[in-house]
Amino acid sequence: MTGSAARLLALVALCTLAACGSHDASPSQPSESLAASAPARGDVDRGRALVALFQCNRCHEGGPLAAVPRAEHCVSCHRAILDGDHGVTAGLDVSAETWTRWRERLVGLDVAPSFVAVSRLEPSWVESFLRDPQDVRPQLHAMMPRLRLDDAQARDIAAFLALGGDATPSLRVTQRQITRGRALLESKACGGCHVFSGVLPLPTRPPAPTSTSVEQARALRLAPDLWLTRDRWAAGRVVEWLMQPRRLKPDTLMPDTHLSRDEATAITAYLFLAERGARTRPTIPARLPLLQRPVGFDEVNERVFRGECWHCHSDPSYAGGVGGPGNTGGFGFKGRGIDLSSYEGVNSGYRDAQGRRHSLFERDAEGVPRLVAVLRARQAEQAGQPVPGILGMPLGFPARSAEDIQRVESWIAQGRPR
Amino acid sequence: MVLSGDETAQTLSQAERQLAAGRADRAFVSALTVFWSLEEAVGLTEDGYDESGDRPSERAEQRSNRRKAALSARAKLVMAVAMVRLNGATTFEPHHAPRVSRLRAVRHALLSSPTDAERQASLTWALTALTDMQPADGDDPVQMAHYAEALARFPDHRAQALQLLHDLATRDLMPDAWAYHTLAELLRGTDDTASAEAAAHCRERAGRHASRICSESP
């Protein structure tokens with residue numbers, strides 16, 4: 001049984017509203033108890049070491065994380081490009097022309113949730129999220145990558161991230177509050193940023209402008225799917241959060257909508273107790289037949305490798321000996337020596353765990369080349385069907401389309417022409 | 001003749017593209033320009049200045065030096081491979097040219113009618129450079145293929161070249177059409193079927209550059 005299911009079962013203890021301390025309470029209204037926060041179970045010191053090993057600070061920042069130079073921080077570097085900050089100040093050595101070209105190509109990863117007040121999240125959810133990352137923020141291009149960590153490691157990291165978090169008591173809410181909570185979500189225009197999967201869609205009226213448009217756009221991308229709230233948070237903490245987001249997390253882009261405690265409690269009641277359907281996941285697209293027209297490396301490179309692949313599988317000589325996690329190692333991965341930045345690199349294979357090189361085009365039992373298998377594995381991961389033993393690529397980014405994979409397969413079938 | 005850091009990388013990329021497209025002459029000149037530019041550069045522009053803003057921090061300087069060394073090695077690699085593909089028709093040991101005459105020397109880097117001694121000197125320089133670049137674990141298919149190409153120019157080393165390329169081909173790790181072209185050449189006369197097969201792979205891999213890369217040597 002999952003933690004959230006157990007919590008939901010446990011909270012169905014009814015009582016009279018007189019004890020609930022809300023103005024919505026009345027003797028005729030039954031109430032439900034939403035569980036208190038649960039303590040972390042892992043080893044904090046091991047968790048600290050693992051956070052360093054997995055280099056969480058290359059995407060996230062703040063909180064318990066050590067800072068890294070901007071040139072080594074994915075999000076800061078991307079943000080510098082998008083904000084028009086020249087390369088020299090970002091720690092890179094590029095011309096204005098290159099900078100402009102990058103800017104035109106850059107799709108996302110200019111924002112990631114910071115680790116400031118990360119202890120507000122429930123350790124049990126952090127654990128499960130690390131083991132099986134879900135798309136928390138539907139409007140953010142990137143998502144948490146699937147790392148090679150086991151249950152104990154996930155538990156230890158969760159314990160480290162929970163460090164300093166306060167315990168939150170249980171919360172009693174009523175059916176009337178659930179109804180009121182839905183109305184408040186609509187009147188406060190929460191649907192302007194958030195989606196809530198599995199319930200009647202929230203109206204999408206845009207939120208009132210509270211800051212610069214760039215900040216608003218980033219806030220929008222960081223807005224989580226409210227479907228996950230009851231798993232990610234303890235209810236009592238959500239109330240505090242809704243009342244004063246910046247008091248709990250000073251760097252949040254979530255606007256303060258000046259909710260009273262009653263209002264915040266009502267919204268929390270809806271978030272935790274609304275009947276919700278399952279979150280829909282993308283289906284695995286059908287494999288397309290091989291193309292009959294010629295497909296050259298330039299096309300495959302432009303459409304596929306130069307997307308996200310290059311960032312983690314690059315030529316080390318372009319970046320001071322660092323070829324990215326998928327080449328020289330990082331994010332907890334050993335260096336596999338994969339260079340997808342050139343034709344020769346793509347054809348030079350990868351190192352296995354024993355250090356022996358293999359072709360990226362070796363075929364599995366079904367005759368699928370390894371490169372195609374990892375691209376398809378990512379589609380399967382997004383459909384909630386991770387493939388045992390294969391890490392889907394691109395790691396932490398949306399799967400490539402069926403058409404892109406068709407291009408790669410066709411190029412391989414045609415003898416991998418330059 | 002000092003290029004900015006970004007220009008250096010772009011010129012080097014261009015040299016690599018020229019080399020891959022079978023334009024070894026152009027590639028050699030581009031790479032030579034980069035190589036000398038890096039020799040003369042004090043350091044590439046980087047961020048990470050110390051608090052006074054006067055000089056780069058130690059970390060930034062280290063990063064800059066690493067990058068410079070890596071780019072320099074790539075330029076040298078292009079020069080060496082181009083020398084091999086031009087069958088030694090280049091000046092050798094280009095980094096020993098006097099600084100004042102480098103610009104002129106670039107224009108004269110390619111030899112239209114080299115003597116046997118000049119060819120031999122260039123090819124020996126290239127083989128030495130490529131030998132030095134071999135990773136200790138022999139793990140880099142690109143480097144191995146280039147090394148084999150250079151070995152194949154020396155009758156005494158052709159068997160070793162064949163062994164290296166055969167191993168790469170068996171493991172489907174041939175990095176490019178050139179490697180198949182060299183393999184086809186090495187097999188010609190001793191195993192014509194395998195040679196034809198390697199030549200077919202060369203044409204497949206070379207795509208539109210097949211006529212420049214995969215034609216039989218005279």
Problem set entry | Whichever residue in the range A:338-349 is assigned to a loop (DSSP other than H, G, I, E, B) and in contact with a Phe, Trp or Tyr (Cβ under 6 Å, 6 or more places away or on another chain) and, among such residues, is nearest to the other protein chains (Cβ to nearest Cβ) | A:Ser341
For this session: Could you please find all residues in the range A:116-152 being more than 24 Å from A:Trp241 (Cβ to Cβ) and surrounded by fewer than 22 Cβ atoms within 10 Å (Cβ to Cβ)?
Result: A:Arg131, A:Asp132, A:His141, A:Pro145, A:Arg146, A:Arg148, A:Leu149, A:Asp150, A:Asp151, A:Ala152
Seminar exercise, completed: Scanning the range A:153-194 for residues that are crowded, with 22+ Cβ neighbours inside 10 Å and of a type in the set (Gly, Ala, Ser) gives A:Ala154, A:Ala158, A:Ala159, A:Ala162, A:Gly181
For this session: Have a look at A:Ala223, A:Ala264, A:Ala234, A:Ala269 and point out the one that is free of Cβ contacts under 8 Å to residues at least 40 places away in the same chain and among the small types (Gly, Ala, Ser).
Result: A:Ala264
Exercise. Taking the condition buried (at least 20 other Cβ atoms within 10 Å of the Cβ) and of a type in the set (A, V, I, L, M), does B:Ala210 pass?
Worked result: no
For this session: Would you check if A:Leu253 is in contact with a helix residue (DSSP H, G or I) (Cβ under 6 Å, 6 or more places away or on another chain), away from chain B (no Cβ under 14 Å) and more than 30 Å from A:Arg218 (Cβ to Cβ)?
Result: no
Seminar exercise, completed: Matching residues in the range A:195-217 (buried (at least 18 other Cβ atoms within 10 Å of the Cβ), out of contact with any Pro (no Cβ under 9 Å at 6 or more places or on another chain) and modelled with pLDDT under 95) number 1
Exercise. What residue, of B:Leu130, B:Leu151, B:Leu173, B:Leu110, is more than 25 Å from B:Arg26 (Cβ to Cβ) and among the hydrophobic types (A, V, I, L, M, F, W, C)?
Worked result: B:Leu173
Problem set entry | helices (runs of 4 or more DSSP H) fully within the range B:82-189 counting 1 or more residues that are modelled with pLDDT of 90 or more and more than 14 Å from chain A (Cβ to nearest Cβ) | B:116-133, B:141-151, B:158-170, B:177-187
Exercise. Filtering the range B:170-199 down to residues that are within 26 Å of the chain's Cα centre (by Cα) and among the polar types (S, T, N, Q), which residue is farthest from B:Phe154 (Cα to Cα)?
Worked result: B:Thr170
Exercise. Restricting the search to the range A:130-178, which residues are under 26 Å from A:Leu273 (Cα atoms), in contact with a Gly (Cβ under 9 Å, 6 or more places away or on another chain) and assigned to a helix (DSSP H, G or I)?
Worked result: A:Ala158
Exercise. Any residue at all in the range A:307-328 that is assigned to a loop (DSSP other than H, G, I, E, B), of a type in the set (Asp, Glu) and more than 14 Å from every other protein chain (Cβ to nearest Cβ)?
Worked result: no
Exercise. Looking at the range B:201-218, which of its residues are free of Cβ contacts under 8 Å to residues at least 12 places away in the same chain and more than 9 Å from chain A (Cβ to nearest Cβ)?
Worked result: B:Ser211, B:Ser215, B:Pro218
Exercise. Any idea which residue in the range A:301-320 is modelled with the lowest pLDDT, counting only those that are charged (D, E, K, R) and under 15 Å from A:Met393 (Cβ atoms)?
Worked result: A:Glu308
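The values are calculated or read from the model by the stated rules, or taken from the named source; none is laboratory data. Predicted, not measured: the structure shown is a model, and the values here were computed from it. A quick note on method: Cβ atoms are made from the backbone with ideal geometry, for glycine too, and the neighbour counts reach across all protein chains shown.
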